[in-house]
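The values are calculated or read from the model by the stated rules, or taken from the named source; none is laboratory data. This structure is a prediction, so every number in the text was calculated from the model and none was measured. Cβ placement follows ideal geometry from the backbone for every residue including glycine, while neighbour counts extend to all protein chains displayed. All accessible areas refer to the heavy atoms of the entire protein, side chains included, with ligands and DNA or RNA removed. Shrake-Rupley method; radii C 1.70, N 1.55, O 1.52, S 1.80 Å.
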Amino acid sequence: MLHFLIRFYRYIQVFGMIKGPALFLKMAAGRDEVQVKIDGYAQTIHLRKRTADIEVFDQIFISKGYDMSLPFSVKRIVDCGANIGLAAIFLNAKHKGSHVVMIEPEDKNFSMCLKNIDSSTAFTALKKGLWKNNCYLKITDSEDESWAFKIEETLDPREAMVEAITIDEIMARMKWDEIDILKIDIEGAEKSVFEGDIDRWLPKVKSIFIELHDNLQPGTSDLFFGVMKKYGFSFTKNRENWICIRNDV
């Protein structure tokens, strides 16, 4: 009951005395899918009931885990582990005129990504998995919540579910010489990414928003923070995310 009341109060804080309770009750409705329209956002947001979608919505739009002020203009954003596109939508609205590349490997999540961005030219959605090299990947723990799928490399083409993509390949596709925000939430695969040839792309990234998963890949934090210090990033924590900014920007 206490959690219910706190969440209800937070909806009022964020969305106001009239829209807050209405939206909160809409989230609790018994339909398979909820459609949400928020002031300041062009998209109608679609959320699946009986999944983690509403919890993800709360983390992004209520707790605002990605609401960070940065000391530079943001135009180029890469969202790795885009899930159903909520972080991408939030970041695009916060940073007016930005373009977001969304990377999501799981079929149902990717379909929801496309539905949520609604053909907007401000987004590029790629059904890929982020990795340290070009290869094929398989999805494991497919019975987990829709935000908790994990991927691993496979040499067996019969197991392959999705192609991998690297950060420097994303930049080449977009013809970008820099990334302003690189958001990474990929359920432990971040260890592979930072074990790769980071010289090719990390010096061209201004900031990183990342959730680390040592519980899935032990040693991830030691590797990541060692890399961040070596390449001149400062970092701070905002809820479950580490916010890392390159010192020379």
field: the range 64-90 residues that are part of a helix (DSSP H, G or I), paired with ones that are at pLDDT 95 or above and of a type in the set (S, T, N, Q) (beta carbon under 8 Å, 6 or more apart)
entry: Leu86/Asn116; Ile89/Asn116
query: Looking at this structure, is Ile186 in a strand (DSSP E or B) and either open to solvent by 30 Å² or more (accessible area, probe 1.4 Å) or touching a residue at least 12 places away in the same chain (Cβ under 8 Å) (or both)?
result: no
message: Tell me whether the range 38-54 contains one or more residues that are over 30 Å from Ile170 (Cα atoms), open to solvent by less than 70 Å² (accessible area, probe 1.4 Å) and acidic (Asp, Glu).
response: no
task: Would you please list the contacts, defined by Cβ atoms under 9 Å and residues six or more apart or on different chains, that run from a residue in the range 10-32 that is under 17 Å from Ala52 (Cα atoms) and touching a residue at least 24 places away in the same chain (Cβ under 8 Å) to a residue that is assigned to a helix (DSSP H, G or I) and open to solvent by less than 30 Å² (accessible area, probe 1.4 Å)?
output: Met27/Tyr11; Met27/Ile54; Met27/Phe57; Met27/Asp58
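For the range 10-21, which residues satisfy the criterion of being at negative phi and surrounded by 13 or more Cβ atoms within 10 Å (Cβ to Cβ)? Break it down stepwise before answering.
Taking the range 10-21 first, the residues at negative phi are 10-15, 17-21.
Those that are at negative phi and surrounded by 13 or more Cβ atoms within 10 Å (Cβ to Cβ): Arg10, Tyr11, Ile12, Val14, Phe15, Lys19, Gly20, Pro21.
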- prompt: For Val249, are the conditions met, namely being in contact (Cβ under 8 Å) with a residue 40 or more places away in the chain, assigned to a helix (DSSP H, G or I) and either touching a His at 6+ places or on another chain (Cβ under 9 Å) or hydrophobic (A, V, I, L, M, F, W, C) (or both)?
  reply: no
message: When you check Ile84 against the structure, is it closer than 21 Å to Met27 by Cα, surrounded by fewer than 22 Cβ atoms within 10 Å (Cβ to Cβ), at pLDDT 95 or above and out of contact with any strand residue (DSSP E or B) (no Cβ under 6 Å at 6 or more places or on another chain), yes or no?
response: no
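May I ask you to list the residues in the range 55-93 that are among the basic types (Lys, Arg) and within 23 Å of Asp248 (Cβ to Cβ)? Lay out the reasoning, then the answer.
Initially, the range 55-93 is screened for residues among the basic types (Lys, Arg), giving 64, 75-76.
The answer is Lys75, Arg76.
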task: Being open to solvent by less than 40 Å² (accessible area, probe 1.4 Å) and part of a helix (DSSP H, G or I) is the filter here, so list the residues in the range 22-37 that pass it.
output: Leu23, Phe24, Met27
- prompt: Can you tell me how many residues in the range 87-111 are in contact with a Gly (Cβ under 8 Å, 6 or more places away or on another chain) and modelled with pLDDT under 95?
  reply: 1
- request: Please indicate, with yes or no, whether at least one residue in the range 45-61 is under 18 Å from Asn116 (Cα atoms), in contact (Cβ under 8 Å) with a residue 40 or more places away in the chain and part of a loop (DSSP other than H, G, I, E, B).
  value: yes
- line: A careful count of residues in the range 93-112 that are surrounded by 22 or more Cβ atoms within 10 Å (Cβ to Cβ), without any contact (Cβ under 8 Å) to a residue 40 or more places away in the chain and part of a helix (DSSP H, G or I) gives 1
message: When the residues of the range 167-183 are narrowed to those that are of a type in the set (Lys, Arg) and not in a helix (DSSP H, G or I), which ends up surrounded by the most Cβ atoms within 10 Å (Cβ to Cβ)?
response: Lys183
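Kindly provide the set of residues from the range 204-245 that are touching a residue at least 40 places away in the same chain (Cβ under 8 Å) and either closer than 22 Å to Glu153 by Cα or not in a loop (DSSP other than H, G, I, E, B) (or both), ordered by number.
If the condition is that a residue be touching a residue at least 40 places away in the same chain (Cβ under 8 Å) and either closer than 22 Å to Glu153 by Cα or not in a loop (DSSP other than H, G, I, E, B) (or both), then Val205, Ser207, Phe209, Leu216, Asn238, Asn241, Ile243, Ile245 are the ones that fit.
Name the residue that is nearest to the chain's Cα centre (by Cα), counting only residues in the range 202-228 that are hydrophobic (A, V, I, L, M, F, W, C) and open to solvent by 10 Å² or more (accessible area, probe 1.4 Å). It would help to see each step written out before you state the result.
Of all residues in the range 202-228, those hydrophobic (A, V, I, L, M, F, W, C) come to 202, 205, 208-210, 212, 216, 223-225, 227-228.
In the following step, the residues that additionally are open to solvent by 10 Å² or more (accessible area, probe 1.4 Å) were identified as 212, 216, 223, 225, 227.
Working: Leu212: 12, Leu216: 18, Leu223: 21, Phe225: 20, Val227: 21 Å.
That would be Leu212.
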